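See below for the structure under consideration.
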Amino acid sequence: MYILNRWQRHWVNNTWMIISLLVVATLPFFLFLGLYLKSFLLLHDYHLGHLLFGKIWKPGIGQFGFFPFIVGSIWVTLLAMVISAPICLLAAIYVTQYSKTHLLRIMHPAIDILAGIPSVVYGLWGILVIVPFISRYLGPLFGVTTVGYSILAAALVLSIMIVPFILNILIEIFRAIPVELKEASLALGATEWQSIKQVMVKKALPGIIAAFGFGLARAFGETMAVLMVVGNVVELPKSVFDPGYTLPALIANNYGEMLSIPKYDSALMFAALILLVVSLFFNLIMHFFIIRYNRY
Amino acid sequence: MTLGQKIEEKIFKVLMIIATYFILAVLAVIIYSIFEKGVKALSWEILTQIPKGGYYYGKGGGILNAILGSLCLAFGATLLAFLIGLPVALYINVFLIRWKKVVAFIRFLLDLIWGIPSIVYGAFGFTMMIYLGLQTSLLAGIITVTLFILPIMIRSMDEILRTVPYGLMEASYSLGSNKSETAFKIFTRQTISGIITAILLSFGRAIGDAASVLFTAGYTDHLPNSLLEPVATLPLSIFFQLSSPVPAVQDRAYASALVLTMIILIVSLFSRGLGKRYHKTKINF
Amino acid sequence: MTDNKKIQISDLNVFAGKFQILKNINIELPENKITVILGPSGCGKTTLLKCMNRLTDLYPELKVTGDIRISGNNILAAREDIYKLRQNMGLLSQRPYPLPMTIYNNIAYGLKLRGVKKRREIHKLVVHYLQQANLWEEVRTRLREPASRLSIGQQQRLCLARGLAVSPGIILADEPTSALDPISSQYIEQKFLELKNDYTIVLVTHVLRQARRIADYVVFMYLGEVIEQGDVHEVFENPKMEKTKLYLGGTFN
């Protein structure tokens with residue numbers, strides 16, 4: 001038998017639900033507030049422009065220039081997207097439009113597994129496979145001597161990590177388009193490829209761009225795998241074979257010593273704040289982009 | 001169809017096939033290299049012992065501390081996220097169903113939270129720890145990971161709860177149930193398989209993430225024995241062992257990676273299997 | 001009455017795996033008439049229609065055997081240029097599916113496929129076909145808007161204009177009025193009666209009254225088989241088969 005009567009249970013359940021909802025709904029706000037308060041010390045003493053565009057990073061003497069990390073993050077992210085986006089788009093079109101259904105049945109668990117593999121395992125695989133591949137084959141091919149730990153290595157590992165994420169969204173989008181639309185185009189005498197190119201892809205375009213946007217945001221915040229192969233050298237990379245450093249890697253690498261140097265913890269929390277803002281911003285933009293351009 | 005169009009279609013079709021099988025091939029290569037390296041290094045000792053003195057210089061011991069630590073952490077976080085997540089998902093789908101705009105806004109908010117990188121949760125968890133005067137501990141790790149997996153948990157439950165037909169809710173009301181009874185007794189039963197899948201999915205994410213526990217859970221060579229003490233985790237043990245210059249220790253990192261990957265593969269297999277089996281009490285419409 | 005037979009279908013069988021969707025179809029459809037394919041839902045009407053412009057090619061699991069001759073050519077023969085073939089037929093589906101483009105480009109798309117290249121020519125034809133579908137007056141000021149902003153009745157007329165624009169000899173219509181309001185439906189029916197002077201129209205429907213209103217020739221199908229075919233008066237007033245009688249009498253749907 002229950003301890004509480006029916007209406008008391010109703011009340012308990014209601015309160016529980018509303019409190020939970022409040023916790024979740026206010027979470028982004030608290031994340032922002034917590035990180036902002038922690039990085040306030042730094043923001044108070046330095047000009048925001050100097051922090052974001054300063055090139056010198058010497059926490060020991062109070063020099064906090066985040067520019068090399070921001071540039072490193074952007075390099076790695078964009079390069080990963082350039083590799084990943086066309087592969088995902090082509091594969092999504094193939095499995096939804098051309099291939100028989102059994103390939104989709106293989107693809108779904110494959111995507112699940114790729115998405116499930118932890119970030120450190122991707123990093124480990126990068127060290128085992130990608131890094132030697134770059135130092136032994138890809139570097140010499142372009143006439144570069146490199147140890148392999150580089151922007152390119154990070155981008156390659158990252159490009160694979162975001163495949164399940166982007167591909168999943170793209171497949172959903174293409175499957176949501178009614179097949180009758182393709183039939184309408186075919187019935188007018190278009191070839192299958194013309195129909196896909198001019199009708200299906202066009203119909204899916206807002207979704208495709210949004211999928212890439214979400215993928216970009218995800219890649220920007222990825223930490224462990226990138227940290228393990230990017231080289232972690234604070235400098236502005238001149239080529240993709242140079243080592244670099246990213247914002248998430250900066251945070252993860254230095255948590256141990258951050259309390260020993262003044263304002264260092266503030267600086268790392270500021271880096272986290274940048275990541276938070278960029279991620280929220282990107283997701284926000286993409287969300288409204290879908291609503292705005294889903295008009296055809 | 002002109003010749004140019006024919007060639008264009010052919011080229012793209014070949015590219016599409018290459019892209020698709022490239023993805024499958026990469027997956028195969030990843031799994032193969034993890035297994036190939038991991039199986040060689042795996043031993044009974046690694047699975048069942050904690051690190052002994054000089055472990056990180058290649059002496060004896062194992063990663064039992066990290067295996068148990070990761071399991072404790074992931075169980076704790078999944079449980080906590082479930083206790084917060086299920087009510088939210090139910091609230092959206094039973095109580096708020098008429099306020100479409102509010103529901104859309106909450107879903108949007110959840111998607112935003114989902115997009116936040118785990119390192120940000122780690123950093124936030126760390127500031128909270130300092131603020132509350134806690135030190136790195138299992139509890140701090142659990143709380144941080146909970147925040148990280150909450151949106152995943154809620155959104156996947158929400159996706160499945162959305163599919164409950166309106167008629168079932170009306171039927172429940174017409175039998176005299178109130179809203180919370182409808183939510184907790186009818187909706188949960190109808191969607192039990194989906195809820196279990198959501199839990200397992202969240203568990204997989206919780207056990208695999210390193211960035212959020214880096215600051216908060218700490219690391220130790222001992223087995224987890226208290227909520228308030230640091231705890232070792234598998235992702236971090238892989239990371240630390242891999243950065244060692246000693247080959248024998250690196251080998252153990254491969255073994256640890258194999259263990260972690262296996263746990264996650266098993267969990268995801270389970271979620272597929274269970275998803276199929278728990279359809280007994282589900283009513284199909 | 002001796003009509004030219006535009007479409008001749010003989011021994012057509014369609015299998016989906018072990019399941020047979022169409023069984024031994026033998027029909028002949030007269031030129032410049034409205035042929036109505038009648039029957040309860042799930043009897044294979046839509047599949048029959050899709051065989052005629054080979055949209056069945058899209059579904060590799062379907063196996064199609066037999067002969068479909070259009071003006072004497074067997075279109076199921078693999079070497080037939082299916083793109084030319086499909087341009088010879090306009091398709092109207094159950095719900096309008098406007099292409100994700102502007103209203104103007106919805107028509108221009110087909111024209112370009114047909115090989116019309118000059119912009120002035122395209123413009124002239126777009127206007128012409130929109131007028132043909134009784135849509136011109138309503139959209140003349142909004143040609144550059146996305147087609148999805150039109151009402152559903154207008155969209156269906158746009159789809160009709162789009163189908164006519166590839167200058168087909170045949171119009172295939174798959175319950176084109178089932179998603180429309182009565183007034184829009186009437187528009188379409190009226191249009192079909194006008195168009196039959198120049199086109200051979202094949203209309204799939206399960207609305208008996210619609211069939212009676214506009215059909216010249218009726219094919220009654222049940223569970224993948226043709227039960228009866230003939231002139232509309234014969235079939236409606238003096239059905240030979242028991243099943244046809246029951247269906248027309250409203251005993252089963």
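In chain C, a dipole from Cβ-located charges (positive for Lys and Arg, negative for Asp and Glu) runs towards its positive end, and of C:V226, C:Q8, C:H123 it is C:H123 whose Cα lies farthest in that direction. Separation of the alpha carbons by more than 29 angstrom is noted, of C:K50/C:K245; A:K203/A:K238; A:K203/B:K101, for A:K203/A:K238.
For chain B, the relative contact order is 28 percent, taking Cα pairs closer than 8 Å that sit 6 or more residues apart in sequence and dividing their mean separation by the residue count. If one takes the longest principal axis of the Cα atoms in chain B, at what angle in degrees, from 0 to 90 and to the nearest 10, does the Cα axis of helix B:64-90 lie? With rounding to tens, the tilt is 10 degrees. Ranking of C:D216, C:D181 by solvent-accessible surface, largest first: C:D181, C:D216 (1.4 Å probe, protein heavy atoms only, all chains present).
If contacts are Cα pairs under 8 angstrom and at least 6 residues apart, what is the relative contact order of chain C in percent?
It rounds to 28 percent for chain C.
Look at the stretch A:212-223: the mean tally of other chain Cβ atoms within 10 Å of its residues' Cβ atoms is 3. A cut-off of 5 Å between modelled amide H atoms, ignoring neighbours fewer than 5 places along the same chain, links B:E229 with B:L138, B:L139. Reported to the nearest whole Å, the Cα centre-to-centre distance from segment A:167-243 to segment B:178-195 is 36. Taking a sphere under 11 Å around the Cβ of C:G163 and counting the other residues whose Cβ falls inside, with K and R at +1 and D and E at -1, yields a net charge of +3.
Given contacts defined as C-alpha pairs under 8 Å and at least six residues apart, what's the relative contact order of segment B:46-153, whole-number percent?
Relative contact order here is 30 percent.
Placing pseudo-labels 7 Å out from each Cα toward the beta carbon at A:F29 and A:L41 gives an inter-label distance of 2.7 nm. Sorting the segments A:53-65, C:191-203, A:84-96 by their mean number of nearby beta carbons within 10 angstrom, highest to lowest, gives A:84-96, C:191-203, A:53-65. Mean silhouette area of segment B:1-74, derived from the convex hull of its C-alpha atoms and averaged over all directions, reads 8.6 nm².
On the basis of the beta-carbon distance and an R0 of 22 Å, C:Q186 and C:S41 show a calculated FRET efficiency of 0.45.
Cβ-Cβ distance of A:L22 and C:K63, R₀ of 51 Å, FRET efficiency by 1/(1 + (r/R0)^6): the value works out to about 0.30.
For chain C, the longest principal axis of the Cα atoms and the long axis of helix C:119-132 meet at an angle of about 50 degrees.
With the biggest extent put first, the Cα atoms of segment A:13-114 measure 61, 49, 20 Å across the principal axes. Our coupling estimate for segment B:230-246, obtained by passing each phi through the Karplus curve with A = 6.51, B = -1.76, C = 1.60 and θ = phi - 60°, is x, 9, 7, 10, 4, x, 5, 5, 4, 4, 5, 5, 5, 7, 6, x, 7 Hz, Gly and Pro reported as x.
For segment C:216-232, 3J(HN,Hα) computed residue by residue from phi via the Karplus equation (6.51, -1.76, 1.60; θ = phi - 60°) reads 9, 10, 10, 10, 9, 10, 8, 6, x, 10, 7, 8, 7, 9, x, 5, 4 Hz, glycine and proline entered as x. Is the shape of segment C:1-96 rounded, prolate or oblate, going by the alpha carbon gyration tensor and its root eigenvalues a ≥ b ≥ c, with a/c under 1.5 for rounded and a/b larger than b/c for prolate? The shape class here is rounded.
Spread over its residues, the convex hull of the C-alpha atoms of the protein assembly as shown is 216 Å³ per residue. Radius of gyration (Cα atoms) of segment C:151-232, expressed as a multiple of 2.2 N^0.38 Å: 1.12.
Each 5 Å bin from 0 upward holds the following percent of the Cα-Cα pairs of chain A: 1, 5, 9, 12, 13, 13, 12, 11, 8, 7, 4, 3, 1, 1, 0, 0.
Shielding of peptide C:8-17 by partners, expressed as the average count of other chain Cβ atoms within 10 Å per residue Cβ, is 0. Backbone amide hydrogens, once placed in the peptide plane, bring C:I37 within less than 5 Å of C:L203, C:V204, C:T205, C:V219, excluding anything fewer than 5 places away on its chain. Loop-located GluC sites (Glu not before Pro) across segment C:24-130 with a Cβ neighbour count of 13 or fewer within 10 Å are C:E61, with loop assigned by DSSP. Here's how it looks for C:L92: its modeled amide H is under 5 Å from those of C:L172, C:A173, C:D174, which are all 5 or more places away or on a different chain. Note on segment A:67-293: dipole from Cβ charges, positive end direction compared against A:A187, A:I208, A:I285; the farthest Cα belongs to A:A187. Helix B:118-132 and the longest principal axis of the C-alpha atoms of chain B enclose an angle of approximately 80°. Hull volume per residue, based on the alpha-carbon atoms of segment B:60-195 and their convex hull, is 135 Å³. Farthest toward the positive end of the dipole of segment B:144-285, out of B:Q190, B:A253, B:L175, is the Cα of B:L175, where the dipole comes from beta carbon charges about the Cα centre. Hey, quick one: spin label on C:S151, modelled 7 Å out along Cα-Cβ, who in segment C:114-133 has an amide N within reach, i.e. under 20 Å? Those under the cut-off are C:130-133.
The equivalent ellipsoid of chain B has semi-axes of 38, 30, 18 Å, largest first, where each one is the square root of 5 times an eigenvalue of the Cα gyration tensor.
Report, please, the projected area of chain C averaged over directions, based on the convex hull of its C-alpha atoms, in nm².
Average projection, Cα convex hull of chain C: 14.0 nm².
A Förster distance of 25 Å, applied to the separation of the beta-carbon atoms of B:Y21 and B:R162, puts the FRET efficiency at 0.15. Figure note: B:T127, C:T46 ranked by solvent-accessible area, largest first, 1.4 Å probe, ligands and nucleic acids not counted: C:T46, B:T127. Counting heavy atoms of the protein chains alone, C:K33 has an accessible area of about 50 Å² for a 1.4 Å probe.
Under 12 Å from a label point set 7 Å out along the Cα-to-Cβ vector of A:E257, the amide N atoms of segment A:38-65 belong to A:58-61.
Around B:V145, what is the net charge, scoring Lys/Arg as +1 and Asp/Glu as -1 over all other residues with Cβ under 15 Å from its Cβ?
Result for the neighbourhood of B:V145: 0.
Estimated from helical segments only, the mean residue ellipticity of chain A at 222 nm is -22000 deg cm²/dmol, where each DSSP H run of four or more residues counts as -39500 (n - 2.57).
With θ taken as phi - 60° and the Karplus curve 6.51 cos²θ - 1.76 cosθ + 1.60 applied, the whole-hertz 3J(HN,Hα) list for segment B:205-216 is 5, 5, 7, x, 7, 9, 4, 7, 9, 3, 7, 9 Hz, x standing for glycine and proline. The mean number of Cβ atoms from other chains found within 10 Å of a Cβ in peptide C:51-64 is 2, as a whole number. Taking the Cα centre of segment B:55-277 as origin and assigning +1 to Lys and Arg Cβ atoms and -1 to Asp and Glu Cβ atoms, the resulting dipole is close to 700 debye.
Taking a span of 20 Å or more along the helix axis (Cα atoms) and a mean Kyte-Doolittle hydropathy of at least 0.0 as the rule, the DSSP H helices of chain A that qualify are A:6-45, A:67-93, A:101-116, A:201-221, A:264-293.
The values are calculated or read from the model by the stated rules, or taken from the named source; none is laboratory data. These numbers were taken from a predicted model, which means no experiment stands behind them. Glycine gets a Cβ as well: all are built from the backbone with ideal geometry, and neighbour counts include every protein chain shown. Side chains are part of the model used for accessible areas, which takes the heavy atoms of the whole protein and leaves out ligands, DNA and RNA. Shrake-Rupley method; radii C 1.70, N 1.55, O 1.52, S 1.80 Å.
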